[in-house]
Amino acid sequence: MKTVVCIKQVLQLGDEVEFTDDGLDVDPDYLDPALNEWDSFATEEALQLRERLGGEVVLVTCGSKASEAALRRCLAMGADRAIRIEGVDRDPFSVARALAEVVSAENADLVLCGVQSSDAVQAATGTALAELLDLPRAAVVTKVDYDAGARTAVVDRELEGGLVDRVEIDTPAVLTIQTGINEPRYANLRAIKQAEQVEIDVRNAAGGGAPAYRVRKMFVPDRGEGAEMIDGSPAEIAARIASIVKERLV
Amino acid sequence: MSVLVVAEHLRGQIRDVTRELITAGRELGPVTVAVIAQDPGSLVDAVNIDGVTEIVTVTIGAGEFENDTYQAAVEALIADRKPRVTLLGFTVNSMGYGPAAAVKLGLGFASDVHGIALEGDAVVATRSFYGSKVNAELEFPGAEGVMLLLRPTVWSPAEGVGDASVAALEVVAAPSRARHREVVEATTSSDVDITQADFLLSIGRGIGDKENVEMFQELAAKMGATLSVSRPLVDAGWMPSSRQVGQSGKTVKPSVYLAFGISGAVQHLAGMKASGTIIAINTDPEAAIFNVAQYGAKADLFDVAEELEKLY
Ligand SMILES: Cc1cc2nc3c(=O)[nH]c(=O)nc-3n(C[C@H](O)[C@H](O)[C@H](O)COP(=O)(O)OP(=O)(O)OC[C@H]3O[C@@H](n4cnc5c(N)ncnc54)[C@H](O)[C@@H]3O)c2cc1C
Ligand SMILES: Nc1ncnc2c1ncn2[C@@H]1O[C@H](COP(=O)(O)O)[C@@H](O)[C@H]1O
């Protein structure tokens, strides 16, 4: 059983923002890196499959050297090895093309992505990747029922409003994993230390192909009216909230 | 500018997002609506809305959505009608086939789009990045067509009866590699119905720890509010899913929605932004929840909760 998990190091913006000189992105100084929440659930799912069926969990990311931190987080959880593809864009088609080349060579039984990346909320990379690999796929998966040796798996897709669509899918397949499917494990200190030592296999993306889009301008949106901010001490804030609530609930 | 809207339906009902797509589409040009279903004829009337010039039906074997079948149908529709813009909802179903069709056909593509503008013959789409704190304008140079997945609840649902012509398109799709088996209802719990509450006190990941849930349960009871939550608290098993507000939870519309430690992710806002009065407490003054709130406070939620406790 070999599972490939696609990992993204996401960037989180605090309460201050400056843009790069060309105005096309946020100045990296204002962004804090983190492992994409969805990808920790995907990694956990792969680890549980390995525990049950044996085999290997391989991580792949596209990004700069700094994004290796996300890979090491997942290595510390217990993944076997990691590949980083140097230098690609954020647009989901460019990323999917770079991933496809590497993932295809792995001949995995399952490829897991997160439903979405928290900094871009595209929910597109996994499905585009499946197309490029010519694999079946299911999006927003909350349960995976996979049998060793079987050519199909049964998966639950979470629809809007809490409904579930149960699907029988041929494998190998690409699944995009939803939060809540499992409980991602914490890595202990020793595992984190060990993961620091693991050598990451670095590749170059072949490139080519049109991007999904091009950013022409990034900006802070005009909030319009926005919320009226209540100033003061916690006691003053509480008093104001209580009076608004009282007034609105008549 | 020719527009193709792909209707979305579940269990024989057109979903609301379809009428929102029609609103967005008719601002751009003549709209063709595609109905891909086992019995598309039964859904035609529901999408014959003012601004729709043509309805194209595609008959498929599966009773519900299957991504391979939808992809084949949408690719055939695009090849046949050559729309400049194809509009899908940013929904779970679209996530399963939209990006695949677009990358295959070489279309420009963007998801969670909440604004569209035309500049001459070029489409410019607006979407957000970094926790909805910044917006970006996207362009699609060189692409013959563009596929956009539109954020639900941004455009108002189109109304008014139209006089669209109806045509059928024959699509030969290979057997689907992911086959629909059944739609399973969310397990109904005997817990409260948050959609009926007039006052919701809602807590998010900002409360930090499972142990803190209880104090908010007590605060809600004191204030006469019903407790609801954002998704991470349900994922972590701290609260039952019947309490979850948002796209995959419940859509609520109380008179007052008081949010503690909720950032305001799109999928959360989709379920509560129509509330009467929204009040949000968050340590991050740039949190997206303040975009929809009428009142906000940049404060530690525990400090405010403690003070509220004293007032009730
Ligand atoms: C297909 C799909 C469906 C989804 N459906 C839903 C859904 O139905 N409902 C839903 O909620 N989400 C849903 N999500 C998840 C959604 O994308 C977000 O991950 C989620 O809403 C985040 O919840 P949160 O705001 O509680 O957590 P976070 O985004 O982590 O926000 C926590 C907030 O608390 C603040 N905070 C921290 N400490 C304090 C403090 N001491 N005092 C005050 N503030 C503090 C922080 O500044 C932050 O803004 C869905 C996602 C997908 C992909
Ligand atoms: N740069 C990347 N490297 C590896 N995987 C990625 C990358 N970007 C996105 N993904 C995968 O695609 C999923 C969805 O991301 P997105 O389409 O950007 O919302 C993520 O959860 C990852 O599994």
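None of the figures in this text is laboratory data; all of them are computed from the coordinates on show. Nothing here was measured: the structure is a model prediction, and the numbers come from that model. Please note: Cβ atoms are built from the backbone with ideal geometry, for glycine as well, and neighbour counts cover all protein chains shown.
Toward the positive end of the charge dipole of chain A, with +1 on the Cβ of Lys and Arg and -1 on the Cβ of Asp and Glu, the farthest Cα among A:57, A:164, A:43 is that of A:57. Under conditions of 37 °C and 0.692 mPa s, the stretch A:100-250 yields 160 µm² s⁻¹ as its translational diffusion coefficient, taking Rh as the Kirkwood radius over Cα pairs in the Stokes-Einstein equation. With coordinates expressed along the principal axes, the C-alpha atoms belonging to the stretch A:2-204 extend over 53, 40, 31 Å, beginning with the largest.
The magnitude of the dipole of the stretch A:175-250, with charges of +1 and -1 set on the Cβ of Lys/Arg and Asp/Glu and taken from the Cα centre, is near 260 debye.
Computed from the C-beta positions of residue A:147 and residue A:107, the FRET efficiency with R₀ = 30 Å rounds to 0.95. Its convex hull of Cα atoms gives chain B a direction-averaged projected area, equal to a quarter of the hull surface, of 17.2 nm². Projecting the alpha carbon convex hull of the stretch B:3-168 along each direction and taking the average yields 9.1 nm². For chain A, adding -39500 (n - 2.57) for each run of n ≥ 4 DSSP H residues and dividing by the number of residues yields -9500 deg cm²/dmol at 222 nm. FRET efficiency for the pair residue B:11 and residue A:51, taken as 1/(1 + (r/R0)^6) with r the Cβ-Cβ distance and R0 = 35 Å, rounds to 0.40. Ranking of B:295, A:186, A:213 by neighbouring Cβ atoms within 10 Å, starting from the fewest: A:186, B:295, A:213.
In terms of surrounding Cβ atoms within a 10 Å radius of their Cβ, A:241, B:14 rank from fewest to most as B:14, A:241. Across the options B:297, B:259, B:270, the greatest Cα extent toward the positive end of the charge dipole of the stretch B:194-310 (unit charges at beta carbon of Lys, Arg, Asp, Glu) belongs to B:270.
Can you compute the helix-only [θ] at 222 nm over chain B? Use -39500 (n - 2.57) per DSSP H run of at least 4 residues, normalise by all residues, nearest 500 deg cm²/dmol.
Result for chain B, helices only: -7000 deg cm²/dmol.
Taken about its Cα centre, the stretch B:122-249 carries a charge dipole of about 360 debye when Lys and Arg each add +1 at the Cβ and Asp and Glu each add -1 at the Cβ. Measuring nothing but how far apart in sequence close Cα pairs (under 8 Å, 6+ apart) lie, relative to its length, the stretch A:80-191 scores a relative contact order of 26 percent.
Using square roots of five times the C-alpha gyration tensor eigenvalues, list the equivalent-ellipsoid semi-axes of the stretch A:1-114 in whole Å, biggest first.
After diagonalising the Cα gyration tensor, the semi-axes are 28, 16, 10 Å.
Label separation (residue B:182 vs residue A:134): 3.5 nm, computed from points 7 Å beyond Cα along the C-beta direction. Within the straight-line cut-off of under 20 Å between alpha carbons, the lysines reachable from residue A:2 are A:143, sequence neighbours fewer than 8 places apart in one chain being disregarded.
In chain B, Cα pairs under 8 Å separated by at least six residues give a relative contact order of 15 percent. Cα extents for the stretch B:257-312 along the principal axes, largest to smallest and rounded to whole angstrom: 32, 22, 16. Each Cα pair under 8 Å and six or more residues apart adds its sequence gap; the mean of these over the residue count of chain A is a relative contact order of 23 percent. Antiparallel as a % of all DSSP beta bridges within the stretch B:3-168, to the nearest 5? Beta bridges within the stretch B:3-168, antiparallel portion: roughly 30 percent. Remark: C-alpha extents of the protein assembly as shown on the principal axes read 67, 66, 53 Å, sorted largest to smallest. Beta bridges per DSSP, both residues in the protein assembly as shown: antiparallel share near 35 percent.
Among B:111, A:64, what is the fewest-to-most ranking by other Cβ atoms within 10 Å? Don't jump to the answer; show the numbers that get you there.
Details: B:111 28, A:64 14.
With the sparsest Cβ surroundings first, the list reads A:64, B:111.
Normalising the Debye intensity of the stretch B:194-310 to I(0), with uniform scatterers on Cα atoms only, and taking log10 at q = 0.13 Å⁻¹ returns -0.40. Would you list which lysines come within 20 Å of residue A:65, measuring only between C-alpha atoms, while excluding same-chain residues fewer than 8 positions from it? Of all the lysines, those that pass the test against residue A:65 - Cα under 20 Å, at least 8 places apart if same chain - are A:8, A:193.
Here's the list of aspartates and glutamates a cross-link from residue A:246 could span, going by alpha-carbon distance under 14 Å and ignoring same-chain residues fewer than 8 apart: B:198.
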